[in-house]
1. Taking the residues in segment 1-48 that are in contact with a Leu (Cβ under 7 Å, 6 or more places away or on another chain) and acidic (Asp, Glu) as candidates, determine which candidate is surrounded by the fewest Cβ atoms within 10 Å (Cβ to Cβ).
2. Here are some residues: Glu58, Glu79. Which one is assigned to a helix (DSSP H, G or I), under 30 Å from Ala14 (Cα atoms), without any contact (Cβ under 8 Å) to a residue 40 or more places away in the chain and under 17 Å from the mean Cα position of the chain (by Cα)?
3. Report, by residue number, each residue of segment 45-80 that is basic (Lys, Arg) and under 26 Å from Leu16 (Cβ atoms).
4. Can you name the number of the only condition in (1) within 19 Å of the chain's Cα centre (by Cα); (2) within 28 Å of Asn72 (Cβ to Cβ) that Phe5 fails?
5. Hey, Leu16 hits all of (1) at negative phi; (2) without any contact (Cβ under 8 Å) to a residue 12 or more places away in the chain but one; which does it fall short on?
Amino acid sequence: MSYSFEGMSDEQIAKLDDLDMLRNDLIGELQAINQYQDHILNLESDEALATLEHIIEEEKEHVAELMRLIQNLDPAQAEKFKRIL
């Protein structure tokens, strides 16, 4: 994401950098869930299937944790979540 840093304090810039990293982490978690789900569709092993299903549940917890953290750091984002959830 591109921001104009003119007139912003170092703290504000650091917060934007943190949010950018966290949003990228959230994207990574969602991509991992999709990848594991795709793999599950092609697995023959029940053990592998159960393991990936377990991992998906953990990834979903990570998604929830990251969403909560992003909301805590970005009040405008938190308001958007409140309106749609």
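1. Taking segment 1-48 as the starting set, the residues that turn out to be in contact with a Leu (Cβ under 7 Å, 6 or more places away or on another chain) are 3, 15, 18-19, 22, 25-26, 29, 36, 39-40, 43.
Applying the additional criterion that residues be acidic (Asp, Glu) yields 18, 25, 29.
Values: Asp18: 14, Asp25: 16, Glu29: 20.
Of everything passing the filter in segment 1-48, Asp18 is surrounded by the fewest Cβ atoms within 10 Å (Cβ to Cβ).
2. Answer to the selection: Glu58.
3. Of everything in segment 45-80, those that are basic (Lys, Arg) and under 26 Å from Leu16 (Cβ atoms) turn out to be Arg68, Lys80.
4. So Phe5 meets the others, but not (1).
5. (2)
Throughout, read-outs are computed from the coordinates displayed, never taken from laboratory work. Note that the structure is predicted; figures quoted are calculated from it, not measured. Cβ sites come from the backbone with ideal geometry, for glycine too, and all protein chains shown count toward neighbours.
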